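No lab work stands behind these numbers, since they all come straight from the coordinates. What you are looking at is a predicted structure, and each value in this text was computed from that prediction instead of being measured. Glycine gets a Cβ as well: all are built from the backbone with ideal geometry, and neighbour counts include every protein chain shown.
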Amino acid sequence: MQINWTLITCVVIVFFAWSGYARGWWKEAITTAFLAVLILLLQQPAWAKSLIDGFNSLVSTIWGFIPSSIQTLINDILETFLGVSTGGGAIQANASDPGTWIIILILAVAVSTLLGRAAFANKPTPLGAIFGVLIGSTNGFLVLNLVREYLDGRALPGRAVASAEITQAGTSAFGPASPTISIQATNLPSFTILDSAVPYIFIGAGLVLAIAVINTRIALKTNKEGGRKIDTKVVPPFYKSGPPPKPTELNTLVKDIKKMFNES
């Protein structure tokens, strides 16, 4: 089976560009910062391995506090529905396995999206939407390149041998499926995000955007008494300020009471 990598790239970039148009530059910048960290880990396999080893150690520690009956239930669920056999112990991630990093990539995009939604609900201005399209398109490009590097395996800890095919297990309700499906990508570009100084450009851009995200959302303000406080409700540039909150019945009642005391 062959897949056209150029077509997939266009579809993914268009999807992320549309997402950037709807979300604006600030929320897309969070995703870029997460992706920049993943690119940095590809540049530093030793750091990537240390991260996975730390995760495995944490999981093993937590696993020791879980009752044996629940451990058995978790292992049965993993083996039955995900085909993951842990041998009765805690599940451990493999730093040299492409599947591990693809899962991390999916989680990174999901977490960054949720953080953007939780931050504020303001809509971007037209200029903010345009910036969102540009950053979102870049995010789509980075995601596809990260997937390619993970499947290739050349930059993963352990320096896995590159493979020209993608193999995945498959099942079907219409009869026994082939135990493996060979998928060959066509029209692959001759360059990736790991070539020459390109990765450091994206890492630097991710750092700059991360700083911009923090500086445009958190402000240090001085009150009348000369004290300072951190304001985390600042609306970033190129986003529409929302309407003032409507007074509730409780707030109205409090104001009436204060007015009554002032008059008396």
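What the table below lists for this structure:
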| quantity | calculated |
| --- | --- |
| LYS221/LEU134 FRET efficiency (R0 30 Å; Cβ-Cβ; nearest 0.05) | 0.45 |
| Length-normalised contact order for segment 62-159 - Cα pairs under 8 Å, 6+ apart - percent | 33 percent |
| For peptides 7-14, 135-142, sequence by mean Cβ density within 10 Å, most packed first | 135-142, 7-14 |
